[in-house]
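Novice: First the structure, which I've put down as structure tokens, then a few questions once you've had a look.
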Amino acid sequence: MNEDKFDAIIVGGGLAGLSAAIVLARAGKGVIVIERGDYCGAKNMTGGRLYGHSLEKLIPGFAASAPIERVVTREKISLMTADSALDIGYTAPKLGAEPEHASYTVLRGTFDQWLADQAMEAGADIIPGFLVDRVLVEDGKVVGVDAGGEEMYADVVILADGVNSLLAQQLGMKKELEPHQVAVGAKEVIKLGEDVINQRFGLTGNEGMAWLSAGAPSDGSFGGGLLYTNKDTVSIGIVATLSDIGHSELSVPQMLDRFKEHPAIAPLIEGGTPIEYSGHLVPEEGYGMIPELVRDGVLVTGDAAGFCINLGFTVRGMDFAIESGRLAAEAVLHAHEVGDFSKETLSLYETLLQNSFIMRDMKQYKGFPTILTERAVFEDIPKIADDVCGKLFTVDGKPSDGVIMSTVNTIAQKTSARQLVDMITRILEAF
């Protein structure tokens with residue numbers, strides 16, 4: 001290999017970039033990953049849950065050596081008002097029994113460093129602490145990058161630089177983000193101790209819980225709360241759609257503080273010590289925000305490509321990032337085989353994506369962003385749930401017209417039949 005030129009330059013040391021690096025390095029290609037943080041994972045504050053199926057393809061049995069926190073065996077969804085919560089729970093140890101079905105809570109600061117080690121063991125070079133200022137273009141083809149005044153050249157550049165990919169925007173492949181396309185999140189990691197977590201959340205061994213909630217956590221704004229159990233800490237946070245932040249007088253950090261004080265949450269984190277606080281942007285629009293993915297000499301992958309879906313009951317992005325990084329690398333390997341790095345050849349990436357679970361799922365759930373901008377989901381439905389459950393579970397010996405009729409009247413007062421039909425129709429259309 002020419003010392004002045006790489007087979008591939010990857011911008012971004014997150015899951016997508018590192019997955020691409022592993023595939024390319026294993027194939028003997030000269031690949032370099034440029035990460036703006038002091039180490040891979042230093043700038044990554046995403047979520048806390050990894051669906052393991054895509055990484056299993058890349059590193060079979062990875063959970064045996066990776067720094068996973070817990071295996072998710074308990075799911076919980078809550079509709080919350082300021083002082084109540086209607087919980088829907090699902091407990092199933094089988095969720096973690098098969099590797100391709102398992103999901104894990106992770107702390108990205110440590111997990112990404114482990115994945116970076118796998119990339120370096122495969123032969124990739126990783127340069128942390130460098131910001132790529134611009135992409136180098138000659139005769140309409142991307143030929144390298146400029147990082148802090150140092151120009152580096154490659155046959156292909158893979159952009160895996162996060163949801164707000166300024167480099168893709170510089171190339172005109174991606175438009176500047178609109179407020180409705182992204183959410184802003186605040187997350188805190190609270191240390192409690194492994195025994196305390198097991199006792200309070202009803203867990204044993206390495207079992208874990210994933211808990212999402214809507215309503216009061218985001219103060220009626222489009223968004224919600226999250227809580228994931230780690231080994232000896234919990235990750236707790238709030239996500240709110242950027243375009244709807246003005247709906248509440250509370251800032252996102254204030255929403256998080258209030259969420260931690262909710263009667264359903266406070267006893268579980270009592271006595272804990274905050275050890276990390278972070279904020280981040282989350283792609284929210286799903287299929288509708290996927291940008292141009294391929295041009296001569298360049299591909300866009302991971303969050304930069306908008307590969308994320310929020311279904312309300314689960315949020316996915318990490319498995320998309322890993323798979324899209326792997327597929328981008330496969331397209332690059334094909335381009336090296338034929339000695340052509342044009343858009344036409346690299347468009348194999350788009351074909352691979354179309355045949356993968358990424359585009360299948362993105363298309364299948366493309367209607368969900370619309371559903372999750374229904375004010376009723378975050379205001380009316382939690383209030384109705386509170387009213388209904390309050391009547392169902394209150395026994396005081398006083399005269400009543402009947403719980404069932406009272407419940408029907410409550411729903412009728414809160415919403416109209418037309419509204420219910422419209423909402424159900426939109427939910428069905430989303431599938």
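Novice: In this structure, is Ile269 aliphatic (A, V, I, L, M), more than 26 Å from Ala376 (Cβ to Cβ) and modelled with pLDDT of 95 or more?
Specialist: yes
Novice: Scan Lys43, Lys5 and give me the residue that is basic (Lys, Arg) and crowded, with 19+ Cβ neighbours inside 10 Å.
Specialist: Lys43 is the lone residue from the list that is basic (Lys, Arg) and crowded, with 19+ Cβ neighbours inside 10 Å.
Novice: What is the residue count in segment 303-340 for residues that are in a helix (DSSP H, G or I) and either in contact with a Ser or Thr (Cβ under 6 Å, 6 or more places away or on another chain) or more than 15 Å from Leu18 (Cα to Cα) (or both)? Show your work before the answer.
Specialist: Going residue by residue through segment 303-340, those that are in a helix (DSSP H, G or I) are 303-305, 318-338.
Of the ones still in play, those that are also either in contact with a Ser or Thr (Cβ under 6 Å, 6 or more places away or on another chain) or more than 15 Å from Leu18 (Cα to Cα) (or both) are 304-305, 319, 322-326, 328, 331, 333-338.
Total satisfying the criteria: 16.
Novice: While we're looking at this one, here's another question. Please state which one of Glu176, Glu100 is within 22 Å of Gly302 (Cα to Cα), surrounded by fewer than 20 Cβ atoms within 10 Å (Cβ to Cβ) and touching a His at 6+ places or on another chain (Cβ under 7 Å).
Specialist: Unique residue meeting the criteria: Glu100.
Novice: Taking Gly30 as the residue in question, decide whether it is more than 21 Å from the chain's Cα centre (by Cα) and surrounded by 18 or more Cβ atoms within 10 Å (Cβ to Cβ).
Specialist: Working: more than 21 Å from the chain's Cα centre (by Cα): yes; surrounded by 18 or more Cβ atoms within 10 Å (Cβ to Cβ): yes.
Yes; evaluated as a whole, the condition is true for this residue.
Residue-by-condition table, conditions (1) touching a residue at least 24 places away in the same chain (Cβ under 8 Å); (2) within 26 Å of Gly89 (Cβ to Cβ); (3) outside the structural domain of Ala122 (by TED's automatic domain parsing):
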position: Val239; (1), (2), (3): yes, yes, yes
position: Leu250; (1), (2), (3): yes, no, yes
position: Pro263; (1), (2), (3): yes, yes, yes
position: Gly272; (1), (2), (3): yes, yes, yes
position: Arg316; (1), (2), (3): yes, yes, no
position: Leu327; (1), (2), (3): yes, no, no
position: Gly339; (1), (2), (3): no, no, no
position: Thr345; (1), (2), (3): no, no, no
position: Tyr349; (1), (2), (3): yes, no, no
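Novice: In segment 379-394, which residues are exposed (fewer than 15 other Cβ atoms within 10 Å of the Cβ) and either in contact with a helix residue (DSSP H, G or I) (Cβ under 8 Å, 6 or more places away or on another chain) or in a loop (DSSP other than H, G, I, E, B) (or both)?
Specialist: Residues satisfying the conditions are Leu392, Phe393, Thr394.
Novice: Okay, next question. Sort through Ala154, Ala116, Ala168 and tell me the only one that's under 24 Å from the mean Cα position of the chain (by Cα), closer than 18 Å to Leu346 by Cβ and either in a helix (DSSP H, G or I) or modelled with pLDDT of 95 or more (or both). Talk me through it step by step, then tell me what you get.
Specialist: On the way: Ala154 fails: under 24 Å from the mean Cα position of the chain (by Cα); Ala116 fails: closer than 18 Å to Leu346 by Cβ.
It is Ala168.
Novice: Still on this structure: Among the candidates Leu311, Leu281, Leu299, which residue alone is in contact with a Phe, Trp or Tyr (Cβ under 6 Å, 6 or more places away or on another chain) and either at pLDDT below 95 or surrounded by fewer than 18 Cβ atoms within 10 Å (Cβ to Cβ) (or both)? Outline the logic, then answer.
Specialist: Values: Leu281 fails: in contact with a Phe, Trp or Tyr (Cβ under 6 Å, 6 or more places away or on another chain); Leu299 fails: either at pLDDT below 95 or surrounded by fewer than 18 Cβ atoms within 10 Å (Cβ to Cβ) (or both).
The match here is Leu311.
The values are calculated or read from the model by the stated rules, or taken from the named source; none is laboratory data. Everything quoted here is computed from the prediction, not taken from an experiment. Positions of Cβ are backbone-derived with ideal geometry, glycine not excepted, and every protein chain shown enters the neighbour counts.
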